[in-house]
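K.L.:
Supplied in structure tokens, the structure appears directly below.
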Amino acid sequence: FLPLIMEKVPLFCMAAVSSIITFIVQQHAGAVPSLEHLPLPTRIENAVLSYFQYVEKTLWPSGLSIFYPYYARLTSMPVVVLALVALVAITYWVIRAARARPPLLVGWLWFAGTLVPVIGIVQVGSSAMDDRYMYIPMVGLLIMIAWGIPPLLGSWKNGKLALATGSGIVLILLTVTTSLQVECWHDTISLFDHAQRVTTDNSIAQANLAIALTKQGRLEEGLEHYRESLRINPGSAEMQSNLGSTLIRMGRIQEATYYCQEAVRLKPEQPEAQYNLALCLAQRGDIPDAIDHYAEAVRLKPDYADARLNLANLLARYAAPTEAEKQFKDLIHIDPRYEKGYLAFGYFLASTGRIDEAIDCYTKALEVKPDFAEAHYCLGLALEKKDDIAGAARHFSEAVRIKPGYAAARAALEWTVHQQDTPADSRKHP
């Protein structure tokens, strides 16, 4: 056996290095829960159930999910004991049958052994089990089936016919179930909708379904799933913040403020939570507190462009022009491809009479996004103040072409067309 063992030593070394790297990376990402969060007895209980359910789902692939919630799967101790007894009984049986039917022992040990690193004793992530972990262990169960069933039919007269017929039926059934399962992966909504239907108290599936629905503008449906996710896991600051953000989009600011405050209370170091609370406070007219929370979001995430932009706008609007200008400059320095930053900075500069600098900002915004209707409109206004009526008319016209319903740009375009027919010394600015 020594040569057989030695030839596999490099593979064991590679696996060990890969495992160590995975553990370290996941630990730094906060994906390795502590024993305080997931006690060892709970992990062992989950491991026993997972072994049994991996076998069950291999033989009957039903209720497959992209994510299996942890505590929702844990059940009464008698069920765990029963599953453990079944696993021990199978192990005892294949050992006793090893001399007569060695593939049974090989297949079972293959299955049981290759699952050890991913069975959850060392937990990575928050999933109780994962279908993808079965790609290698399943080979062991298939060895048991492929080499275990034919001998049972060997003494039967029609054994080969029965085996061929049974195999054909199984392949047809698996083809149908595979086709149905593939449909679940059609898009994000179908994937997580299926997951929340085939599992119990799946907060991750509910949350991802809510995110996908709100991205499509289906806010009421998304709201329902956010609430369900929070019912299952009320301590999720991210879901509190996302629910608040959805309510902001729906104009329900009072209700949104509660959830945003909860998100900040649960996780003050989350920049998105600070940003959403600032949005609520600003819309309620609580400007000093809104500025504080925007500033905190920027401190936590310096490249948070939307937060820095809103902070700069509030500072400019409420008598802090020096600090506002600094924030605008930092914004376009950190993200020189952020067209909204150039537009807002240009508007700020134009409001302080620095028209040439404003024109430069609007021009840069259009370099980043040539079909930016608002930038064309503002550039037209700035050129108009420089008495470049023809240039202003071109940009107003472009704004209307890009956004036909842009009433302000259309009115400005009509005015400039009229002005071009008026002598220069008689022109009046609107």
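The values are calculated or read from the model by the stated rules, or taken from the named source; none is laboratory data. Model, not experiment: these values are computed from the prediction. Note that we place each Cβ from the backbone using ideal geometry, even for glycine, and neighbour counts take in every protein chain shown. Surface accessibility is based on the protein's heavy atoms, side chains included, excluding ligands, DNA and RNA. Shrake-Rupley method; radii C 1.70, N 1.55, O 1.52, S 1.80 Å.
K.L.:
With a 1.4 Å probe and all protein chains in place, put T363, T246, T175 in order of accessible area, largest first.
P.N.:
Descending order: T175, T363, T246.
K.L.:
Please find, in a Gaussian network model of the chain (springs between Cα atoms separated by less than 10 Å), the residue of K386, K157, K57 whose mean-square fluctuation is greatest.
P.N.:
K157
K.L.:
Give the calculated FRET efficiency between S179 and R317 to the nearest 0.05, with a Förster radius of 60 Å applied to their Cβ-Cβ distance.
P.N.:
0.55
K.L.:
Per-residue HN-Hα couplings for the range 211-219, Karplus 6.51 cos²θ - 1.76 cosθ + 1.60 at θ = phi - 60°, whole Hz, x for Gly and Pro?
P.N.:
Once rounded to whole Hz, the list reads 4, 5, 5, 5, 5, 8, x, 8, 5.
K.L.:
Between A15 and D289, what is the FRET efficiency for a Förster distance of 45 Å, r being their Cβ-Cβ separation, to the nearest 0.05?
P.N.:
0.25
K.L.:
Cα-Cα over 31 Å: which of K215/K385; K215/K364; K8/K157? Please list the in-between numbers first.
P.N.:
On the way: K215/K385 40 Å; K215/K364 29 Å; K8/K157 43 Å.
Among K215/K385; K215/K364; K8/K157, the Cα-Cα distance tops 31 Å for K215/K385; K8/K157.
K.L.:
K403: which aspartates and glutamates have alpha carbons under 16 Å from its alpha carbon, excluding same-chain residues fewer than 8 sequence positions away?
P.N.:
The reachable aspartates and glutamates, counting only those whose Cα sits under 16 Å from K403, are D371, E374, E414.
K.L.:
Another question about this same structure. Please give the calculated 222 nm ellipticity per residue for the chain, where each DSSP H segment of at least 4 residues contributes -39500 (n - 2.57) and the sum is spread over every residue; nearest 500 deg cm²/dmol?
P.N.:
Dividing the helical sum by the residues of the chain leaves -23500 deg cm²/dmol.
K.L.:
Around V298, with a cut-off of 14 angstrom between Cβ atoms, what is the net charge of the other residues, counting Lys and Arg +1 and Asp and Glu -1?
P.N.:
Its environment carries a net charge of -4.
K.L.:
All other residues with a Cβ under 15 Å from the Cβ of L366 taken together, and with Lys, Arg as +1 and Asp, Glu as -1, what is their net charge? Mind dumping the intermediate values first?
P.N.:
Values: positive: R337, K340, K364, K369, R394, R401, K403; negative: E339, D360, E367, D371, E374, E398.
That sum, taken over residues with Cβ under 15 Å, equals +1.
K.L.:
Take the alpha carbon atoms of the range 118-184, find their center, do the same for the range 209-266, and report the distance between the two centers in whole angstrom.
P.N.:
41 Å
K.L.:
With all protein chains present, calculate the accessible area of C13 using a 1.4 Å probe and round the result to the nearest 10 Å².
P.N.:
Approximately 70 Å² for this residue.
K.L.:
Determine how large the accessible area of E7 is when every protein chain is in place; take a 1.4 Å probe and give Å² rounded to the nearest 10.
P.N.:
Its accessible surface works out to 110 Å², give or take rounding.
K.L.:
Straight-line reach from K57: which aspartates and glutamates have a Cα under 19 Å away, not including same-chain ones fewer than 8 places off?
P.N.:
E45, D130, D131, E183
K.L.:
Given a 1.4 Å probe, how much area per residue of the range 303-430 is accessible, in Å²?
P.N.:
Each residue of the range 303-430 exposes 53 Å² on average to a 1.4 Å probe.
K.L.:
Starting from the Cα gyration tensor of the range 239-321, take the square roots of the eigenvalues, sort them a ≥ b ≥ c, and report rounded, prolate or oblate (rounded when a/c is under 1.5, otherwise prolate if a/b is larger than b/c, else oblate).
P.N.:
Cα axes put the range 239-321 in the oblate bin.
K.L.:
Rounded to whole Hz and in sequence order, give me ³J(HN,Hα) for the range 288-303 from the Karplus expression 6.51 cos²θ - 1.76 cosθ + 1.60, θ = phi - 60°, writing x for Gly and Pro.
P.N.:
Listing the rounded values in order: x, 5, 4, 4, 4, 6, 4, 4, 5, 4, 5, 5, 6, 9, x, 9 Hz.
K.L.:
May I pose another question? Note the listed values (1) 37, 33, 24; (2) 63, 25, 21; (3) 44, 24, 19, then indicate which one is semi-axes √(5λ) of the Cα gyration tensor in Å calculated from this particular structure.
P.N.:
Only one option fits the structure, namely (2).
K.L.:
Follow-up. Net charge within 15 Å of Y92 by Cβ-Cβ distance, Lys/Arg positive one each and Asp/Glu negative one each, not counting Y92 itself?
P.N.:
For residues surrounding Y92, the net value is +3.
K.L.:
Keeping all protein chains in the complex and leaving out DNA, RNA and ligands, what accessible area do you get for D356 with a 1.4 Å probe, in Å² to the nearest 10?
P.N.:
Looks like 90 Å² after rounding.
K.L.:
Restricting to Cα atoms and excluding each atom paired with itself, what does the Kirkwood estimate give for the range 309-430 in Å?
P.N.:
Its Kirkwood hydrodynamic radius stands at 14.8 Å.
K.L.:
At a 1.4 Å probe radius, carbon and sulfur cover how many percent of the accessible area of the range 272-382?
P.N.:
On the way: 2630 of 5120 Å².
The computed percentage sits at 51.
K.L.:
If you don't mind, another one. If a/c stays under 1.5 just call it rounded; otherwise compare a/b with b/c (prolate if a/b is bigger, oblate if not). Do that for the range 266-374, with a ≥ b ≥ c from the square roots of the Cα gyration tensor eigenvalues. Present the calculation step by step, with values, prior to reporting the outcome.
P.N.:
Working: a/c = 2.22, a/b = 1.59, b/c = 1.40.
Taking the square roots of the gyration eigenvalues as a ≥ b ≥ c, the range 266-374 is prolate.
K.L.:
In whole Å, what is the distance between the alpha-carbon centres of the range 379-417 and the range 319-347?
P.N.:
The range 379-417 and the range 319-347 have Cα centres separated by 24 Å.
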